[in-house]
Amino acid sequence: MARDRIAEPWSALLEEGRADGRLVREAREGPGRAKLVQPPPELHPEVLAALARIGIERLYSHQAEALHAAWEGPTIITTGTASGKSMCFNLPTLDVLCRDGRARALYLYPAKALAQDQARALAGFGLTKRVRPAIYDGDTPREARAQIRRSANVVLTNPDMLHVGILPNHAAWADLFANLAVVVVDEAHVYRGVFGSHMANVLRRLRRIASAYGTRPRFLLTSATIANPLELAERLTGLQDVSLVARDGSPAPAKRIAVWNPPLSDEQLGTRRSALGEAAELMARLVREGARTICFIKSRKAVELLSRLIADDLRESDPQLAALVAPYRAGYTPQQRRELEGRLVRGELRAVITTDALELGIDIGRLDAAVVVTFPGTVASLRQMWGRAGRSSLHRTGRGLAVYVAGEDALDQFFCRHPEDFLERPVEAAILDHESAPIFRQHLLCAAHEGPLSGVDREFLGPRWEAQAELLLSAGELRKRPLQAERPGQQRIDDPSLESLGARSYVPRRPGSYPAAEVSLRSASPDSFAIVDVSSGELLGSTEATRAHSTVHRGAIYMHLGTAYEVRELDLQRRRALVAPFAGDWYTRPKRETDTAIVRLLDRRQTLGVTLSFGEVSVTETVLAYQRTRTADQAPLELVALDLPPTSFDTQALWFELDDSEDRAGGIADAIPLEALLGALHATEHAQIAVLPLIAMCDRWDIGGLSTNFHPQTGAATIFIYDGHPGGIGIARTAFLRFEELCRDASRLIAECRCADGCPSCVQSPKCGNLNEPLSKAGACLLLEQMLSASSQPAVGAPL
Ligand SMILES: [Zn+2]
Ligand SMILES: [Zn+2]
């Protein structure tokens, strides 16, 4: 044991953390021995020979397992970071390509850098006569495109290119679709929420077009560890009977996990030393001790700031060390990335600091230590970043240190009190809803442009597509016409399922239009505002129309990929926001007035002493003003009035009303003094929204809430929690189903916080439209306790 400690460059650091209480939790993981097996002899001889040539005599057990699963049917692989996951889909793909000279494969990557890494990995097998990989994305030169369409047999692309470039032009890709044997969806956990709901539709369109050309490709997916990998795979692809490969056969390094909480600076207010300052100190220590470290933090600005703080710290003691720290920036060319990664692996660099978004594109295997500063939003991504810790060599398993430095947000502090929640179980499920109505209709229209919609499309688009097609019909987007067999390779006329359509099909009313170009896979509704940088004329991106008033109103500080901009003008007529780079030291928060109207009740149950409902609501929002807040100390600077019209959107929500205490003794609301009721409801809503990402992988910003001590439709005190995107994407539905857990977690969040009257670590919300007024921590505590103790009461009220 003693020798063990001396060997680790971080022993002294951890010792100090233990002594002063900043190290709130430690755990050890691994080492785990590699489970190695012979490559299956059924593999094509050329693939076996290629493996031998590159020095791979045996496979990790999960790679062989994945190969067998992939031969049988659709498969998802969820083993750890750096466990050789790509081999799991490369081997079956290479096998198919060696057996069938015409077969082709499509690899889908959420980030360009990943596609580049994979293209190199495929080339590394040296099967140049059999395997011709090519990247097809926005950067592919025009003159190379036709050649790729004709001859590349592994096309590496991204969902956006598939959606807007490949599917609408399927005729130009006829040979690919007619021979499509394998579709690989790497990093599938990225496809959740709005992006996931779009991706599920894009993959259904892909299956539909492939089927029109007579193929049914095998889908192979990989994902980080999540709670529901099979459900994710099935929802994304629309396929059933997907196999799961989850038992990791790669060697796990002996790893120490350290949960690190900056010390309290004011116990009453609940404020702590900043996570940035704490992280800078930790990183400088690790660099001095010689550990090669990667550090993850959310924004680009924080990356720059943290890199500077670490270098400053090092410069005081040893100027040469300061040069061994570098930020890893977006926008590096592949060559620059290779060079930086190489220097890091060789030890010429000791530390890189990067945003979690860039994690997807880094190719460094494992290092000595991985430090994650503030909660990255999901335990799955935290785990993925931690997975970078612990180098292994051929001869011995490595050692590693994985650190989490907590910020002051509610979830950060929740995890510091309940580290087991992210040490012992993958808690979140990746949620998406391919039938989210606005998203579904956009893709239905795209699909109609790709080929007439008819009865056989039920297999790909689900049983409810025709109802949505009827809506597009009445909106003048589609028209009906007698069915003709016009898609290649299909005798559709004889299909009995066409009877319900009266052998008619839906076709676009305006065949010359190009609907895919209007659909962004990142936003729920086609209705969007453009965001333009006036200093360069560059289009930065777009925002959903329903969010424009609250995020890009005049004077708002808008963050884009970690860079701050100030909005100069919001042009409601031309639907665009003009922004300019911003260097000030404040941020802004909108003050809003929100109303919800219940449109349709879909489900209802009695639980925890309240009536819990799920359904469709219409949310109306007016942005009244915004507050400027100083970044350094969060002091409010100024409240500026705005004059904006109300906006509204339909979405899904859960709501619960507190039973009227008049007719039931001991009603829940009874326990709370009337003057504290609104504050109690509001604080409860905030706490529930804060912990919802523990159940459904989502961002706090994907969820909205409203609490009122009297809602005209329920006639009682009511809390609403709704999906923040038009149509909803399944978050509120998940919260409805797992409401008891939500209340338990919210209750723990509040009850355990040591602040006096509520703080950012419990009931205050950074996105509150009422600027956190009124809030009653004590009232919320009482309310949730009452609800949880009422849990086992029998159901009352009329069933639906
Ligand atoms: Zn608190
Ligand atoms: Zn609020």
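The values are calculated or read from the model by the stated rules, or taken from the named source; none is laboratory data. Owing to the predicted nature of the structure, the values given are computational and were not obtained by experimental measurement. Positions of Cβ are backbone-derived with ideal geometry, glycine not excepted, and every protein chain shown enters the neighbour counts. Just the protein is used for accessible areas: all its heavy atoms, side chains included, with ligands, DNA and RNA removed. Shrake-Rupley method; radii C 1.70, N 1.55, O 1.52, S 1.80 Å.
Observations, loosely collected:
- Within the range 761-779, tally of residues that are within 14 Å of ligand 2 (Cβ to nearest atom) and either touching a Lys or Arg at 6+ places or on another chain (Cβ under 9 Å) or of a type in the set (A, V, I, L, M) (or both): 10
- Residue check for Asp699: closer than 26 Å to Asp412 by Cα, at pLDDT below 95 and away from ligand 1 (no atom under 16 Å from the Cβ): yes
- One residue alone among Asp745, Asp723 is buried (at least 20 other Cβ atoms within 10 Å of the Cβ), within 22 Å of the chain's Cα centre (by Cα) and within 16 Å of ligand 1 (Cβ to nearest atom), and that residue is Asp745.
- Among the residues of the range 510-527, the ones that are part of a loop (DSSP other than H, G, I, E, B), open to solvent by less than 20 Å² (accessible area, probe 1.4 Å) and modelled with pLDDT of 90 or more come to 2 in all.
- Residue count, the range 199-224 (criterion: touching a helix residue (DSSP H, G or I) at 6+ places or on another chain (Cβ under 6 Å) and either assigned to a helix (DSSP H, G or I) or open to solvent by 10 Å² or more (accessible area, probe 1.4 Å) (or both)): 13
- Every residue from the range 121-142 that is open to solvent by 60 Å² or more (accessible area, probe 1.4 Å), modelled with pLDDT of 90 or more and among the charged types (D, E, K, R): Lys129, Arg130, Arg132, Arg142
- Elements of the type strands (runs of 3 or more DSSP E) sitting completely within the range 84-161 and holding at least 1 residues that are in contact (Cβ under 8 Å) with a residue 60 or more places away in the chain and of a type in the set (Lys, Arg): these cover 104-108.
- Of all residues in the range 295-317, none are assigned to a strand (DSSP E or B) and either in contact with a His (Cβ under 8 Å, 6 or more places away or on another chain) or polar (S, T, N, Q) (or both).
- Options Leu678, Leu692, Leu674: the member that is open to solvent by 20 Å² or more (accessible area, probe 1.4 Å) and within 16 Å of ligand 2 (Cβ to nearest atom): Leu678
- The combined condition, being open to solvent by 10 Å² or more (accessible area, probe 1.4 Å) and in contact (Cβ under 8 Å) with a residue 24 or more places away in the chain, is fulfilled by Arg292.
- All told, Arg25 meets the bar of being outside any helix (DSSP H, G or I) and basic (Lys, Arg).
- Count of residues meeting criterion [under 25 Å from Gly165 (Cβ atoms), assigned to a helix (DSSP H, G or I) and open to solvent by 10 Å² or more (accessible area, probe 1.4 Å)] in the range 462-478: 2
- When Ile56 is tested against (1) under 24 Å from Gly398 (Cβ atoms); (2) in a strand (DSSP E or B); (3) among the β-branched types (Val, Ile, Thr), only condition (2) is not met.
- The residues listed here are Cys781, Cys755, Cys759; of these, the one that is within 15 Å of ligand 1 (Cβ to nearest atom), under 21 Å from Ile672 (Cα atoms) and in contact with a strand residue (DSSP E or B) (Cβ under 8 Å, 6 or more places away or on another chain) is Cys759.
- Qualifying residue in the range 652-674 (condition: within 16 Å of ligand 1 (Cβ to nearest atom) and within 31 Å of the chain's Cα centre (by Cα)): no
- Residue that is most open to solvent (accessible area, probe 1.4 Å) [pool: residues in the range 432-456 that are of a type in the set (Asp, Glu) and at pLDDT below 95]: Glu435
- Note on the range 28-49: residues that are part of a loop (DSSP other than H, G, I, E, B) and open to solvent by 90 Å² or more (accessible area, probe 1.4 Å) amount to 5.
- Number of positions in the range 230-254 that are touching a helix residue (DSSP H, G or I) at 6+ places or on another chain (Cβ under 8 Å) and either crowded, with 21+ Cβ neighbours inside 10 Å or assigned to a loop (DSSP other than H, G, I, E, B) (or both): 15
- Residue in the range 17-40 that is free of Cβ contacts under 8 Å to residues at least 12 places away in the same chain and out of contact with any strand residue (DSSP E or B) (no Cβ under 7 Å at 6 or more places or on another chain) present: yes
- Taken as a whole, the structure leaves Gly758 outside the set of residues that are in contact with an Asp or Glu (Cβ under 9 Å, 6 or more places away or on another chain), open to solvent by less than 40 Å² (accessible area, probe 1.4 Å) and within 14 Å of ligand 2 (Cβ to nearest atom).
- Odd one out for Glu339 among (1) at pLDDT below 80; (2) of a type in the set (D, E, K, R); (3) under 20 Å from Gln118 (Cα atoms): (1)
- Residues that are out of contact with any strand residue (DSSP E or B) (no Cβ under 8 Å at 6 or more places or on another chain) and aliphatic (A, V, I, L, M), drawn from the range 71-90: Ala82
- For the range 67-83, the set of residues classified as in contact (Cβ under 8 Å) with a residue 60 or more places away in the chain, open to solvent by less than 20 Å² (accessible area, probe 1.4 Å) and touching a helix residue (DSSP H, G or I) at 6+ places or on another chain (Cβ under 6 Å) consists of Ala70, Thr75, Ile76, Ile77, Thr78, Thr79, listed by residue number.
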